[in-house]
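A short write-up of the structure that comes next.
The values are calculated or read from the model by the stated rules, or taken from the named source; none is laboratory data. From a predicted model like this one, the values you see are computed outputs, not experimental measurements. Here the Cβ is made from the backbone with ideal geometry for all residues, glycine too, and neighbour counts use every protein chain on show.
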Amino acid sequence: MSVSKPHSFQSGFSLVELLVALVFTAILTTGMLRIFASSVSGFYTQQESLGLQRASRFALGAVEDEILQAGYLFPPRNLHGELKIGSSAVQPPVLVQQTDYQPVWSDPNGTTVTLPNVDELQFVQDLNLEVEGAIATGADVAAGATSASVSIPSGKAALDKYLKDTTNNPLVMVMLDSQINSVDMLRISSLSGSGGTYTAALDTASTGVDAFGNVLGGGFFTGMFNNPHKAKAPCAFIATLQVVRYTVVPRALDPADPKHMIPCLVLQTAPLDRDAYFAPDKDSGPAASANWTERILVEGVTGFKVDLSLDGGKTFLRYNPDGTLKAGMDSWANVYTALDTKVKEALSASSLLYTYTSMGLSNPIDPVWTNYLPVTFRLDVETRTRLARAEYRNDQTAPPAFRTRTVTMMISPKNFALGSSQ
C-alpha cells in the first residue's frame, strides 16, 4: 500500500518584490524609449538636413546648367531691330529685379507661411529644343524645296508650342549633315501629319524683313533648302528669341490637395514681346497662357536672390555685403539706371569696344551689351524642411521650427563677352 507524500511548499516573489521589480523595469523601459525616440528623431532630422542640402545643390546645379547657356544665339548675330532700346519698360537682353508678390507656403495642416519677396532673372536667347528629327526614309530633299517629310519619333507636342507665333518668333530647323559654310537653317511655318512622320512647310516669303529686321527668305533663316539633303539626314530644332525667366512661385503639386501650396523654383519661357517685358500673372498658374511654358526645377524653395557684377565679383550691383538689398534695387527701372552707369564705366576710352559700351544700355548699334562685357551672376537659393521640429528651435520653450539651408553659386555665362557680333 503506497503512502502519499505531502506536497512540498514552494516559495515565490512577494508583492513588494514584484512592485520593486516593476518600478525598476518601468524606469529602464522609459530610459530606453527616450533613447530610442531621440535616436529616431536624430535620424529623421539628419535625413531631412541631408535632403535639404541635396535639394539646394540640385537647385543651383539645375540653374547653373541653364544660365551657362544664357545669351546663346545661333548663329551669333546682331539683334539691332529685334530688341527695343533706350527704355526700361521693354524686354532687355538681361533683366534682374524683385517680384511684386511674396510666395506662400500652405501646409496640409492649414498653416500658411508668407515668405519674403524673391528675385527674378530673365534672358533673351535662342533655345535648343530637346527634339531630334531626320529627313524621312525615301524622301530626299532637293535644293530649292519649300517643304520636307521629316521623321520626329517624339517631341512633336513640344514643337507645336513654338509654332504659335511663327511671324515674330520662328521655329527653325537646322540640318546637321552639311559643312559649316553651307548649313541650312529653315523657318518652319507648320508641321502637319501623324504617326511620327510630318510635313514641314517652310516660310517661303522672299521679300522684305520681319519684325526684327531679319531678311525673309534669306539671311540667317531661309524659307527653302539651299542645299540637297539625303534621306535620314539628321536635324535639330531651335526656338528663336525666347525669354527665359527664373523665379519662385507657389504651386499645388498634389492634385488631390490643391490647397497645399509649395514654393518652387521654376524656369519659364515665352516668345519675345518687343513692347513689354515678360511678367506673367503670379496667380494664373502654370498653364495660364498658351504662349509660355513652365518647368519646375526644384520644390521647397523659400528664398531666391540674384545679383550681378561686371568686375569678376569684386563689387555687386544690387545687394550690400551683409546681404541686404540696396535702396531702390527691387525694381527693374532702378536696376536699369544703375546698370546703365556701370556698363558705360566698364571699359576705358582706349578700348576698342568703348564705342559700344560708352552708349550704355541704349546702344542703337547693338543693344546686346553682354556681347562686349563679361558678367558674373551671384545666386542664393534657400530651401526649407517640410516639417517643423522641436530639434530645430534655438529656444526650448519656443514652438517647433523649420530648418533652412542657403547655397550660393557664382556663374559666368559662356556666351557673354564674345566680342562684336556684327
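Any chance you could count how many residues in the range 352-367 are surrounded by 17 or more Cβ atoms within 10 Å (Cβ to Cβ) and in contact with a Phe, Trp or Tyr (Cβ under 9 Å, 6 or more places away or on another chain)?
Taking the range 352-367 first, the residues surrounded by 17 or more Cβ atoms within 10 Å (Cβ to Cβ) are 356-357, 359-361, 363, 366-367.
Those still in the list that are in contact with a Phe, Trp or Tyr (Cβ under 9 Å, 6 or more places away or on another chain) too: 356-357, 359-361, 363, 366.
So the answer is 7.
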**Request:** Select, from 304, 278, the only residue that is aromatic (Phe, Trp, Tyr) and in contact with a Ser or Thr (Cβ under 7 Å, 6 or more places away or on another chain).
**Result:** 304
**Prompt:** Can you find a residue in the range 115-124 that is closer than 15 Å to residue 236 by Cα and either assigned to a strand (DSSP E or B) or touching a helix residue (DSSP H, G or I) at 6+ places or on another chain (Cβ under 6 Å) (or both)?
**Reply:** no
**Complete:** Taking the range 342-367 and keeping residues in contact (Cβ under 8 Å) with a residue 40 or more places away in the chain and either not aliphatic (A, V, I, L, M) or not in a helix (DSSP H, G or I) (or both) leaves 353, 356, 362, 363, 364, 365, 366, 367
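Look through 370, 337 and report the one residue that is outside any loop (DSSP other than H, G, I, E, B), of a type in the set (S, T, N, Q), surrounded by 18 or more Cβ atoms within 10 Å (Cβ to Cβ) and in contact (Cβ under 8 Å) with a residue 24 or more places away in the chain.
Working: 337 fails: surrounded by 18 or more Cβ atoms within 10 Å (Cβ to Cβ).
Among 370, 337, only 370 is outside any loop (DSSP other than H, G, I, E, B), of a type in the set (S, T, N, Q), surrounded by 18 or more Cβ atoms within 10 Å (Cβ to Cβ) and in contact (Cβ under 8 Å) with a residue 24 or more places away in the chain.
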**Prompt:** Could you count how many residues in the range 317-333 are within 18 Å of residue 304 (Cβ to Cβ), in a loop (DSSP other than H, G, I, E, B) and of a type in the set (A, V, I, L, M)?
**Reply:** 2
**Asked** Mind checking whether some residue in the range 58-77 is surrounded by fewer than 20 Cβ atoms within 10 Å (Cβ to Cβ), in contact with a Gly (Cβ under 8 Å, 6 or more places away or on another chain), modelled with pLDDT of 80 or more and in a loop (DSSP other than H, G, I, E, B)?
**Response** no
**Message:** Take the residues in the range 314-332 that are of a type in the set (Gly, Ala, Ser) and surrounded by 12 or more Cβ atoms within 10 Å (Cβ to Cβ); name whichever of them is farthest from the chain's Cα centre (by Cα).
**Reply:** 328
**Message:** With the requirement that a residue be over 20 Å from residue 121 (Cα atoms) and of a type in the set (Lys, Arg), what does the range 227-268 give you?
**Reply:** 230, 232, 259
**Asked** Here are 88, 39: which of them is in a loop (DSSP other than H, G, I, E, B) and over 30 Å from residue 185 (Cα atoms)?
**Response** 88
**Request:** Kindly indicate whether any position in the range 150-158 is closer than 29 Å to residue 250 by Cα, out of contact with any Asp or Glu (no Cβ under 9 Å at 6 or more places or on another chain) and either among the β-branched types (Val, Ile, Thr) or modelled with pLDDT under 90 (or both).
**Result:** yes
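Consider residue 54 carefully, then state whether it is within 18 Å of residue 409 (Cα to Cα) and surrounded by fewer than 20 Cβ atoms within 10 Å (Cβ to Cβ). Before you say what the answer is, go through the steps one by one.
Values: within 18 Å of residue 409 (Cα to Cα): yes; surrounded by fewer than 20 Cβ atoms within 10 Å (Cβ to Cβ): yes.
So residue 54 fits the description; yes.
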**Number of the exception - residue 208 against (1) under 25 Å from residue 92 (Cβ atoms); (2) modelled with pLDDT under 90** = (1)
**Residue list for the range 163-198, filter: exposed (fewer than 14 other Cβ atoms within 10 Å of the Cβ), within 17 Å of residue 145 (Cβ to Cβ) and at pLDDT below 90** = 182
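Residues to consider are 111, 99; find the one that is surrounded by fewer than 19 Cβ atoms within 10 Å (Cβ to Cβ) and at pLDDT 85 or above. Steps first, please.
Details: 111 fails: at pLDDT 85 or above.
After applying the criteria, what remains is 99.
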**Request:** Kindly provide the set of residues from the range 233-253 that are assigned to a strand (DSSP E or B) and either without any contact (Cβ under 8 Å) to a residue 24 or more places away in the chain or within 25 Å of residue 118 (Cα to Cα) (or both), ordered by number.
**Result:** 242, 243, 244, 245, 246, 247, 248, 249, 250, 251, 252
**Request:** Would you be able to say whether some residue in the range 119-142 is among the aromatic types (Phe, Trp, Tyr) and farther than 30 Å from residue 305 by Cβ?
**Result:** no
